[in-house]
Each structure stands twice: as structure tokens, then as C-alpha cells.
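The values are calculated or read from the model by the stated rules, or taken from the named source; none is laboratory data. Predicted model, so just to flag it, every value in this text is computed and none were measured. So basically every Cβ, Gly included, is an ideal-geometry build from the backbone, and we count neighbours across all protein chains shown.
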């Protein structure tokens, strides 16, 4: 499918190939927000050149620092490669949203290594935890001490930038046996209050680790009470939902809502149901980088839609 | 176990066929017994293994007072969490294990706190 695009080596992309990349490629997704509806504008560099009036931020995900198994013996090394791509961008992104699983085992040294490499971007990072970030002895204390400043509960928060309302949700704590990701009543009540005074014309970007919509129940790829959160967002003209967890690109548009999951920078996972279990997918070493990446999101001022572009580490 | 049978095999050429038969007759039952013991040990009767995001056996029946051990063979960490909160392991990395002694009878439904679609059950009689 997007093979041609992935192997392009900078020879240029047609619209078709860009759209293909938007669906299944990815080193980073470049999101463009404008007028409230997301759309794709091109690869990171092209997007910045073609649409200079907006602002761009990045989505990075599932760094799994500390992972050293066969699927990628050097997760820190591939994160460094991703960060090098960020540093090489012609226009600096406004900030980075990290959709969780910063570390593999929540160890202090893993957080330290991640912070050091992410710090090289020189860009502010907004974090939400993945389930791998809250498995320290005190179940999330290490994460909150590092990244939880100004957040509520297990680490949820919101902020405004360039007229867009950003909401970081946590759906990896207090998971119930047999169930999926979980937001919980306290967080949903907070979300309702957070949105109460917002005009329906405010573009919304929601980000959380596990997909808010159910992508594949058998593997737990969804959020039990995710629909309750999405119902609170229904009245808004533009809602973009950014998730990680599944280590592959998946994108869907439903009315005013666009759903997007990002690539990991550490290792790929199989497509839903394509393997007996969802664990790290072993691919030939020379193909690994085409399965890892980040996303650029460009937010346009005026009446233009928001764009997401995924780029792999191979590109 | 493996080392022992290997030694026997290596030692065999030094004996005449007749002596080998005698030695086999002498040690045969002992070797069989050791093999049988090894098979049981490998299964670890009261152990639950975690492979490929699955608890095996998914349902285990034990007597009260039994210690059950969970071992994670995946390259992704898992946890073992009782639905009714009587036990909860720390995150088990590859080859880490967790043990819990079931003092009294009852049914214990448990799951992985990281991947809650992974479920299992211990029945204590």
C-alpha cells in the first residue's frame, strides 16, 4: 500500500501517496488545525513549507524506554532517531504531545533516559501516562512526580493554545478484570466541567494512551467508558482524538470527530486479529524503521482544516 | 537430569555391550524415576505460566494452604491482580514470578492489571 511512499527517499509525494501515508505510514503525525476539521497536508517538511500560516505540533508515542527484546534491542536508539527528525524539521513544532508508554517498566533510569533524549528537542512536551508508566511500586507516583505538575487525579489536564482546547486524559489506571481502558467517574465529571464554558466552535484535541473508541475488544484496544467522554464532545464542531498503545496507525473520521493512533518509536504490534496475541511484532531488522515513527499535526488559522501526517523513521 | 543422561551416553562406549546391559538394568529404574520427577518439576503443579498474553492454565484447582506461583514468559510485563483485591503482584518483567498462598477455600478471579482482557481463576478447596 504505502510502500512506494515509505521508500520514496525524498523524491516527492503525490496527493494519493500522502493520503496513503496519512492512513498507514508514520514517523510522526503532523497535525494541522484550522477551522476545526483535520486534514492531511503532507510530510513534515512539506507541510511546514506549504502551510506557513498555521502552527504545527507533533504526536509521539510508545517510546518504551528500557525495552531491549528481539523486536527492538535498542528502543532508546530509535527514539534518538525520531528526535533527530524533530530537530531537523525546518519549522520548529509548537510542542509535542506524547501519548504514553514513555518507559517500559517505570524505572527511574528509564524516565531519566527518556527525559534526556526528549529534552534534546528543545520543545515543550505534554504527557499522558501509558500503563507501562505507572508500574512502579507506588503505582504511578513516579510518573506524577515527574510529569503531573498542575494535573488532576492520575494526571489528566487541559490547556489552550492558538485557540485550540487540548485535553489530556488518563485511561490506564484502575482497570477492571475482563475490561478495557478506563477513565472513571471522577475524570468524566472533571471533563464535563472542563468543557462546560467552552463554545462549540472551539476546536478540541483530546489525547490519551489507549484508544478512546474500541478498535479491537479481544485485545483490550479500547476504553470502557470512552463513549461517555466522546458524548461530552459531540456538540463541538471539530474534535480530534489522538491515541497510542497499539503501535500502528489507524485513522477514522466520524462526523466532526477524527480518530488517530500513532506509531511507536520502539516496536510495532500486529494489526487487530492478524496474530494470536498483541505482543511486540518481530520484523526483519531492515524493515523495523518503516514500522516506527511520529506524527505531525498542523493547525491552520482561518477556515482551513487540521492536518495529520505520519512519518516513519525510514523516511 | 539432562546432564545425567548425557553422561551415561558418553560413558557407554567405554563398556562392552554386556556390561552396558547390566548397567542399564541397574540404573534404568532410577533414570526413569528421575525422568518422571523432571517432567513434574517442569510443569510445576501449582504454577500458572503467562505466555502470549494468556494465563495457563486459565483455571486451577488447589487445596487450601497451597502456594501458587505465576511466571511471566512474555517480553511484555504483566501483573496478577485479584478481582476482590486479596492479592496483587508488582509488575512482572520477563521471567519474573509472583507467589501467593491461598489459606482458605474460595474462588479467586484474577486478571492482568495492565491488560485486563487477560483473566484467570484459582479455585481453592
Leading residue by the ranking (nearest to the other protein chains (Cβ to nearest Cβ)) among those in the stretch A:128-153 that are in contact with a helix residue (DSSP H, G or I) (Cβ under 8 Å, 6 or more places away or on another chain) and on the phi > 0 side of the Ramachandran plot: A:140
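Given the options A:238, A:264, name the one that is more than 14 Å from chain B (Cβ to nearest Cβ) and over 20 Å from residue A:154 (Cα atoms). Steps first, please.
Values: A:264 fails: more than 14 Å from chain B (Cβ to nearest Cβ).
Being more than 14 Å from chain B (Cβ to nearest Cβ) and over 20 Å from residue A:154 (Cα atoms) holds for just one of A:238, A:264, which is A:238.
Report, by residue number, each residue of the stretch A:229-257 that is at positive phi and more than 11 Å from the chain's Cα centre (by Cα).
Looking only at the stretch A:229-257, we keep the residues that are at positive phi, and these are A:245, A:247, A:255.
Once the filter is applied, which keeps residues that are at positive phi and more than 11 Å from the chain's Cα centre (by Cα), the stretch A:229-257 yields only A:255.
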Unique match (being surrounded by fewer than 18 Cβ atoms within 10 Å (Cβ to Cβ) and touching a strand residue (DSSP E or B) at 6+ places or on another chain (Cβ under 9 Å)) among A:202, A:312, A:240, A:258: A:202
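Being crowded, with 22+ Cβ neighbours inside 10 Å, under 13 Å from residue A:191 (Cα atoms), in contact with a helix residue (DSSP H, G or I) (Cβ under 7 Å, 6 or more places away or on another chain) and more than 14 Å from every other protein chain (Cβ to nearest Cβ): is that true of residue A:156 here?
Details: crowded, with 22+ Cβ neighbours inside 10 Å: yes; under 13 Å from residue A:191 (Cα atoms): yes; in contact with a helix residue (DSSP H, G or I) (Cβ under 7 Å, 6 or more places away or on another chain): yes; more than 14 Å from every other protein chain (Cβ to nearest Cβ): yes.
The answer is yes for residue A:156.
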Quick check on residue B:48: is it surrounded by 18 or more Cβ atoms within 10 Å (Cβ to Cβ), within 13 Å of the chain's Cα centre (by Cα) and away from chain A (no Cβ under 11 Å)? yes
Please specify each residue of the stretch A:119-131 satisfying the condition of being surrounded by 19 or more Cβ atoms within 10 Å (Cβ to Cβ) and without any contact (Cβ under 8 Å) to a residue 40 or more places away in the chain. A:121
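Could you tell me which of the residues A:173, A:164 is within 14 Å of chain B (Cβ to nearest Cβ) and surrounded by 15 or more Cβ atoms within 10 Å (Cβ to Cβ)? Show your work before the answer.
On the way: A:164 fails: within 14 Å of chain B (Cβ to nearest Cβ).
Matching residue, one of A:173, A:164: A:173.
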Selection from the stretch A:275-290 of residues away from every other protein chain (no Cβ under 14 Å) and surrounded by fewer than 17 Cβ atoms within 10 Å (Cβ to Cβ) yields A:283, A:284, A:285, A:286, A:287
Are any residues in the stretch A:67-105 crowded, with 22+ Cβ neighbours inside 10 Å and within 14 Å of chain B (Cβ to nearest Cβ), and if so, which ones? A:67, A:71, A:72, A:75, A:100, A:101, A:103, A:104
Out of all the residues in the stretch B:72-119, which are more than 9 Å from chain A (Cβ to nearest Cβ) and crowded, with 17+ Cβ neighbours inside 10 Å? B:72, B:78, B:80, B:87, B:89, B:92, B:98, B:100, B:102, B:108
Is there any pair linking a residue in the stretch A:140-151 that is under 18 Å from residue A:104 (Cα atoms) to one that is modelled with pLDDT of 95 or more and exposed (fewer than 13 other Cβ atoms within 10 Å of the Cβ), with Cβ under 9 Å and at least six apart or on different chains, and which? A:142/A:108
